[in-house]
Amino acid sequence: MSIKKAKKLGEAGRGPLPPCPSKDVIQAMQFQFFDNGENPGRGKSQHTMMLEVYCEGRLNLYRPYWKRVVQLISPKQVLTWAHEKLADGYLTAGQHTFYVQMHMVAERLTADPDMAWVKMGHIEDRRSHVRYPAQFTLVSRELSGPMQCHVVLNGSVISAERFLHDQRSEKGTGRRKAFGWYDPSNLYDLAKKEAAMKAEADARACAGG
């Protein structure tokens, strides 16, 4: 089934939402990090990462091609799930290997005394209780603040190795704490330049009118 057809079926409520598109069709991905506090509520985690994918050549921040929120949990929980799903046939041996390898990376990072925490999370459709095979994240944060997020898509990896603090973030507002980008074609910078040029043009039109 094609990505577009799967997306339409999911939106129509006739099945689970589609998985994340493959890396070869992703032109940009935005990573938005949220801290929901120590008591986030039932079924929620303290830390979440919103992933927004852009595949259509032009960046429209208000209309990502695909979006999902990932609940960040302990790497051990993710690996335990992978072991169970290998046993019942949901994961292939190759897919299971991706979880094992990234869990080893998580263990090495956790052993670093400069690391504040290391978490992993499933890319899933929580409404349909569907976790997409071999699609998950690894997120780490250092005590001094820097973060990284790596998205595993069936063995391919998309990473944001630099996050910026959201200057408008305030505790208790639900606004994101930080954000990062995978943007090999610089679509985000181009979009900002276009927006600035349009604002300048509009200002001149108003001044001349």
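The values are calculated or read from the model by the stated rules, or taken from the named source; none is laboratory data. This is a predicted model, so every value here is computed, not measured. Ideal geometry is used to build each Cβ from the backbone, glycine not excepted, and the neighbour counts take in all protein chains shown.
Values for this structure:
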{"quantity": "Those residues of the stretch 1-40 which are of a type outside the set (S, T, N, Q), within 17 Å of P133 (Cβ to Cβ), part of a loop (DSSP other than H, G, I, E, B) and modelled with pLDDT of 55 or more, in sequence order", "calculated": "G15, P16, L17, P18, P19, C20, P21"}
{"quantity": "Selected residue (criterion: surrounded by the fewest Cβ atoms within 10 Å (Cβ to Cβ)) from residues of the stretch 136-150 that are assigned to a strand (DSSP E or B) and out of contact with any His (no Cβ under 8 Å at 6 or more places or on another chain)", "calculated": "E142"}
{"quantity": "Residues (of a type in the set (G, A, S) and surrounded by fewer than 20 Cβ atoms within 10 Å (Cβ to Cβ)) located in the stretch 26-63", "calculated": "G37, G41, G43, S45, G57"}
{"quantity": "Of all residues making up the stretch 116-153, the number that are more than 17 Å from the chain's Cα centre (by Cα) and more than 30 Å from G89 (Cβ to Cβ)", "calculated": "6"}
{"quantity": "Candidates K76, K119, K85, filtered to the one that is assigned to a strand (DSSP E or B) and either without any contact (Cβ under 8 Å) to a residue 60 or more places away in the chain or touching a strand residue (DSSP E or B) at 6+ places or on another chain (Cβ under 6 Å) (or both)", "calculated": "K119"}
{"quantity": "Y99 farther than 14 Å from L138 by Cα, among the hydroxyl-bearing types (S, T, Y) and surrounded by 14 or more Cβ atoms within 10 Å (Cβ to Cβ)", "calculated": "no"}
